[in-house]
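Worksheet for the structure shown next.
The values are calculated or read from the model by the stated rules, or taken from the named source; none is laboratory data. Please read all numbers here as calculations on a predicted model, not as lab measurements. No Cβ is skipped: glycine too gets one built from the backbone with ideal geometry, and neighbour counts run over all protein chains shown. Keep in mind that these areas ignore ligands, DNA and RNA; they rest on the heavy atoms of the full protein, side chains included. Shrake-Rupley method; radii C 1.70, N 1.55, O 1.52, S 1.80 Å.
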Amino acid sequence: MYINFWYPIVRSEDLAPDTPEKVKVLGANLVAFRDEDGEAHVLSDTCAHRGGSLGGAWSGPESAPRIINGCVVCPYHGWEFGGDGECKNIPSIGYGTKPPPRAKIDSYPVQEKYGIVFAFLGDLPEEERPPLLEVEEYGQEGWRANTILMLEVDYYYERSIENALDPAHNEFVHPSHGFSGINRDTYKVNDYDVEDHEQGYGMWFMHKFNAPPLKGKTWGKAREEGGELYAGSGTYGPNVVVTHINVQPGMGFRQYFFEQPVSENRTRIFFLNMRNFMLGAEHDGPIHARNKAIAKQDIDILLDVYPTQTPVSNTKEVLMPADKAIVAYRDWLATFDEKGWRIDWETFQGRNAGNTAFAIPSPARRTSGNWVIETVPMVPSRAARKHSRDEAA
């Protein structure tokens, strides 16, 4: 898992104006809430006092606010934290008394777009951050967005990303695409080229499927009669995958999967589906239902994939030319690793929730010290590893 990227936190519609939302991302506890102006904030969820959960269960009076004066209230001792992560009030020393400088927690940059609250989980300054992926079709005339479809899956997010990049599984996993059988005399996955994403941080490819007819559908002459169907996928950062499906020239879907790595065996997927045909609202429900059915076909397969996480080396699998997009994605992950952005998961798991609390480092860590909560352990960058070797020599 990697810091220094934008991650989906919660659907906009699910973040109430008066109730904080507890979320786990990258194995770390977070809390999201709205201030009195409706602006969303995301903080580390561990109170710097005695470890209370800011988004945890509330056992106080029902009339007592969970959010007051733009602050989320810790349900344990009533400490009030603003959207900047600084404690504004400590009841035990008197309201209005200035809290000590160490009474602070990490606050993360937030963007609310596409019906999703995103947070930048990392410490890079603004000018160095990978930007949030732009959904070019969103809000544009001639395009319609389905509301965000939430998928909860019990497997590692990299397995999910790689599945979306795989052009060789459709004929075996997705009979709903029309692939009801394989012609053993002619079947072969067509070759394709992989190129880097124009913004960096990922890759892209288009692939030609020899598509069978889709009986009873009205998704274009190409699918009614069979023939060539073009589809492609790409990644942006470690946790976003985009799929284009062109059912015929000028008509298709643009699908965006913003994945939230919860833990090593849990992923939450925020699925935004865009289309430039069948634009009436009456088609939203059937398209949602179809997407759910297709997703279930993938989920059923991935729940039994072993090992549960991607192998540490490509030599641990027999990869084929059809897997070149997956190899390219793994190469990008290696690039993020070299930058020192990968969480040391083994160390993190070994110490987390014992006698140590961890937080993902926020940008404020670069400009101020005196923090109480320890940052998640990281795998050193390639430069740092080289420096350590040189020092040892």
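Starting from the amide H of residue 29, placed 1.01 Å from N in the peptide plane, find each other amide H under 5 Å away whose residue is 5 or more places distant or on another chain.
Under 5 Å from the amide H of residue 29 lie the amide H atoms of 45, each far enough along the sequence or on another chain.
Take the Cα coordinates of the chain, assign each an equal point scatterer, and use the Debye formula without solvent to give log10 I(q)/I(0) at q = 0.10 Å⁻¹.
-0.73
Got a number for carbon plus sulfur as a percent of segment 305-382's accessible area, 1.4 Å probe? Numbers along the way, then the final one.
Working: 2270 of 4370 Å².
Summing carbon and sulfur atoms, their accessible area is 52 percent of the total for segment 305-382.
Starting from the amide H of residue 207, placed 1.01 Å from N in the peptide plane, find each other amide H under 5 Å away whose residue is 5 or more places distant or on another chain.
231, 232
Report the dimensions of segment 84-205 along its three principal axes from the alpha-carbon atoms, largest first, rounded to Å.
For segment 84-205, the Cα spread along each principal axis is 80, 32, 31 Å.
Tell me the mean residue ellipticity at 222 nm calculated for the chain from its helices only (DSSP H runs of n ≥ 4, each -39500 (n - 2.57), averaged over every residue, nearest 500). Please report the intermediate quantities before stating the final value.
Working: 7 runs with 69 residues, N = 393.
Mean residue ellipticity, 222 nm, calculated: -5000 deg cm²/dmol.
Going by the alpha-carbon gyration tensor, a ≥ b ≥ c the square roots of its eigenvalues, is segment 21-103 rounded (a/c under 1.5) or, if a/c is not under 1.5, prolate (a/b greater than b/c) versus oblate?
Values: a/c = 1.34, a/b = 1.25, b/c = 1.07.
It comes out rounded by the Cα gyration axes.
Which of these, 230, 156, 187, has the largest mean-square fluctuation under a Gaussian network model of the chain (Cα springs below 10 Å)?
Among 230, 156, 187, the largest mean-square fluctuation in the Gaussian network model of the chain belongs to 187.
Cβ neighbours within 10 Å, averaged per peptide: list 197-205, 348-356 in order, most packed at the top. The partial results should precede the final answer.
Numbers: 197-205: 16.1, 348-356: 12.1.
Answer by packing, highest mean first, reads 197-205, 348-356.
Report the one residue of 182, 16, 356 whose Cα lies farthest in the direction of the positive end of the charge dipole of the chain (charges on C-beta: Lys and Arg +1, Asp and Glu -1; origin at the Cα centre).
356
Using a probe of 1.4 angstrom, how much of the accessible area of segment 135-179 is carbon and sulfur, in percent?
Numbers: 820 of 1840 Å².
Exposed carbon and sulfur together represent 44 percent of the surface.
Got a sec to turn the phi values of segment 328-343 into Karplus ³J(HN,Hα) couplings, 6.51 cos²θ - 1.76 cosθ + 1.60 with θ = phi - 60°, whole Hz, x for Gly and Pro?
These are the phi-based 3J(HN,Hα) values: 5, 4, 5, 5, 5, 4, 5, 5, 5, 4, 5, 7, x, 9, 8, 5 Hz.
Residue 36 accessible area, nearest 10 Å², 1.4 Å probe?
Its heavy atoms expose roughly 130 Å² to the probe.
For segment 1-144, count the residues as N, evaluate 2.2 N^0.38 Å, and divide the Cα radius of gyration by that value, please.
Details: Rg = 16.3 Å, N = 144, 2.2 N^0.38 = 14.5 Å.
For segment 1-144, the normalised Cα radius of gyration comes out at 1.12.
Rounded to whole Hz and in sequence order, give me ³J(HN,Hα) for segment 313-327 from the Karplus expression 6.51 cos²θ - 1.76 cosθ + 1.60, θ = phi - 60°, writing x for Gly and Pro.
Listing the rounded values in order: 9, 5, 6, 8, 9, 9, 8, 10, x, 5, 8, 5, 5, 5, 4 Hz.
What dipole magnitude, in Debye to the nearest 20, does segment 15-171 give about its Cα centre under +1 on Lys/Arg Cβ and -1 on Asp/Glu Cβ?
Values: 13 positive and 27 negative charges, 205 e Å.
Dipole size: approximately 980 debye.
What accessible area per residue, rounded to a whole number of Å², is obtained for segment 282-377 using a probe radius of 1.4 Å? Mind dumping the intermediate values first?
Details: 5410 Å² over 96 residues.
Accessible surface, normalised per residue, equals 56 Å².
How are the Cα pair distances of segment 229-300 distributed, in percent, across 5 Å bins from 0?
Spelled out bin by bin, segment 229-300 gives 3, 13, 20, 27, 20, 11, 5, 2, 0 percent.
Dipole of the chain, Cα-centred, from +1 at each Lys and Arg C-beta and -1 at each Asp and Glu C-beta, to the nearest 20 debye?
Details: 40 positive and 55 negative charges, 122 e Å.
That gives a dipole near 580 debye.
Using DSSP to define loop residues, name the trypsin sites (Lys or Arg not before Pro) in segment 1-67 whose beta-carbon has at most 11 other beta-carbon atoms within 10 Å.
Working: sites: 11, 22, 24, 34, 50, 66; in loops: 50, 66.
Those that pass, being in a loop and sparsely packed, are 50.
Given the options 26, 54, 149, state which has the largest fluctuation in a GNM of the chain using a 10 Å cut-off (strictly under) for Cα springs.
Maximum among the listed residues: 149.
Evaluate the relative contact order of segment 90-210 (contact order divided by residue number), counting alpha-carbon pairs under 8 angstrom at least 6 apart; express in whole percent.
Numbers: 56 pairs, mean separation 13.3, N = 121.
Across segment 90-210, relative contact order equals 11 percent.
Over segment 1-99, with the other protein chains present, what is the accessible area per residue in square angstrom, probe 1.4 angstrom?
Accessible area per residue: 43 Å².
Once you sort the root eigenvalues of the Cα gyration tensor of segment 260-393 as a ≥ b ≥ c, which label holds: rounded (a/c under 1.5), prolate (a/b larger than b/c) or oblate (the other case)?
prolate
Between segment 83-157 and segment 240-316, what's the alpha-carbon centroid distance in Å?
With segment 83-157 and segment 240-316 each reduced to a Cα centre, they are spaced 23 Å.
Which far-off residues, 5 or more places away or on another chain, put their amide H under 5 Å from the one on residue 237, with H placed in the peptide plane?
Residues meeting the amide H criterion: 202.
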